[in-house]
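Here's the structure we're looking at; comments come further down.
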Amino acid sequence: MTVDHAPPSSPPDISPLPDVESLTPARGPGRGPSVPRWLRRTVGPVLLLVLWQASSAAGVLPADVLASPGTIARAAGELVGDGTLPTAMGVSLRRVAVGLLLGGVVGIALALVSGLSRLGEDLVDAPVQMLRTVPWVGLIPLFIIWLGIGEAPKVALIALGVAFHLYLNVYAGIRGVDAGLVEAGESLGLGRWGLVRHVVLPGALPGAMTGLRYSLATAWLALVFGESINADAGIGFLMNQAREFFRTDVIVVCLVVYAFLGLLADALVRTLERLLLQWRPTFTGQ
């Protein structure tokens, strides 16, 4: 009996892995170094300012309609130099801070009562939702009747707008906590207050930070309306004076200050959000 022997198989062809650098697409000959993102973001505003200045210089945009950027810059320098603008900013910041504090305490307290308890939800949520549908700017006449024309109605208007945003977002954050996390906490022996402290409140923190950002935007909006109530100081008072004398340059300076303070407050909240929510990885774009 003959046995056929199969020819020995050749060893597999193992080619070396390509170098990582060879897999990277080479930059084309027509593409230069990438432009920094902060520089790209400034192109639009700079072009807008150039177009604005050119329109004013050519007479297309009359000064009594809207002052030129150069005129606005000189007006801002004058207001800063004589101390008018810093003083007005201090008064407005104090109003926003007091209103934000009062509205934050009320909004968060109501959200905790309504979010952590079914009985609290039955007692609190319906009245808050009804009041939320009322335009809070329309309450200015009542605030004047109840609180007079001093600082109280201005702060109350800011606090009201802040409280609604914080209530809605904190309440939604509490009720949006994963039930599986609550069951896991109970299995580990956490009591009611332990669950609230270690599971519910950390889970509701992202919603609370979102509510804080909305509340700050609403606070500056309410400040504009509030400072129209017989104000004798503040950025709104400067705007009302400038309106009487048709000073569009001063009006634009005040609007820029409002925008700057709002962006600064939003940046502070973003920084606080990154510090408090380090445990939550998020998508940051590509």
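The values are calculated or read from the model by the stated rules, or taken from the named source; none is laboratory data. Note that the structure is a prediction, hence the values are computed from the model and not measured. Cβ sites come from the backbone with ideal geometry, for glycine too, and all protein chains shown count toward neighbours. The protein model used for the area step is the full one, side chains on, heavy atoms only, and it has no ligands, DNA or RNA in it. Shrake-Rupley method; radii C 1.70, N 1.55, O 1.52, S 1.80 Å.
Yes or no, residue by residue, for (1) over 26 Å from the mean Cα position of the chain (by Cα); (2) surrounded by 18 or more Cβ atoms within 10 Å (Cβ to Cβ); (3) not in a loop (DSSP other than H, G, I, E, B):
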{"residue": "Val182", "(1), (2), (3)": "yes, no, yes"}
{"residue": "His198", "(1), (2), (3)": "yes, no, yes"}
{"residue": "Ala208", "(1), (2), (3)": "no, yes, yes"}
{"residue": "Ala217", "(1), (2), (3)": "no, no, yes"}
{"residue": "Ser228", "(1), (2), (3)": "no, no, no"}
{"residue": "Asp232", "(1), (2), (3)": "yes, no, no"}
{"residue": "Phe246", "(1), (2), (3)": "yes, no, no"}
{"residue": "Arg274", "(1), (2), (3)": "no, no, yes"}
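So for the range 106-120 (the condition being part of a helix (DSSP H, G or I), under 20 Å from the mean Cα position of the chain (by Cα), surrounded by 16 or more Cβ atoms within 10 Å (Cβ to Cβ) and not aliphatic (A, V, I, L, M)), does at least one residue qualify? Checked the range 106-120: at least one residue is part of a helix (DSSP H, G or I), under 20 Å from the mean Cα position of the chain (by Cα), surrounded by 16 or more Cβ atoms within 10 Å (Cβ to Cβ) and not aliphatic (A, V, I, L, M). Every condition in (1) under 23 Å from the mean Cα position of the chain (by Cα); (2) surrounded by 14 or more Cβ atoms within 10 Å (Cβ to Cβ) is met by Ile140 except one, and the failing one is (1). Would you call Pro202 out of contact with any Phe, Trp or Tyr (no Cβ under 9 Å at 6 or more places or on another chain), under 19 Å from Gly176 (Cβ atoms) and either not hydrophobic (A, V, I, L, M, F, W, C) or not in a helix (DSSP H, G or I) (or both)? In short, no.
Yes/no matrix, rows are residues, columns are (1) open to solvent by 70 Å² or more (accessible area, probe 1.4 Å); (2) in a helix (DSSP H, G or I); (3) farther than 28 Å from Ala231 by Cβ; (4) at pLDDT below 90:
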{"site": "Gly70", "(1), (2), (3), (4)": "no, yes, yes, yes"}
{"site": "Gly90", "(1), (2), (3), (4)": "no, yes, no, no"}
{"site": "Ala97", "(1), (2), (3), (4)": "no, yes, no, no"}
{"site": "Leu101", "(1), (2), (3), (4)": "yes, yes, no, no"}
{"site": "Met130", "(1), (2), (3), (4)": "yes, yes, yes, yes"}
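Using the structure shown, decide if Arg132 is among the basic types (Lys, Arg) and closer than 18 Å to Leu102 by Cβ. So Arg132 fits the description; yes. Given the criteria surrounded by 10 or more Cβ atoms within 10 Å (Cβ to Cβ), at pLDDT below 85, in contact with a helix residue (DSSP H, G or I) (Cβ under 7 Å, 6 or more places away or on another chain) and aliphatic (A, V, I, L, M), does Leu61 qualify? Yes, satisfied.
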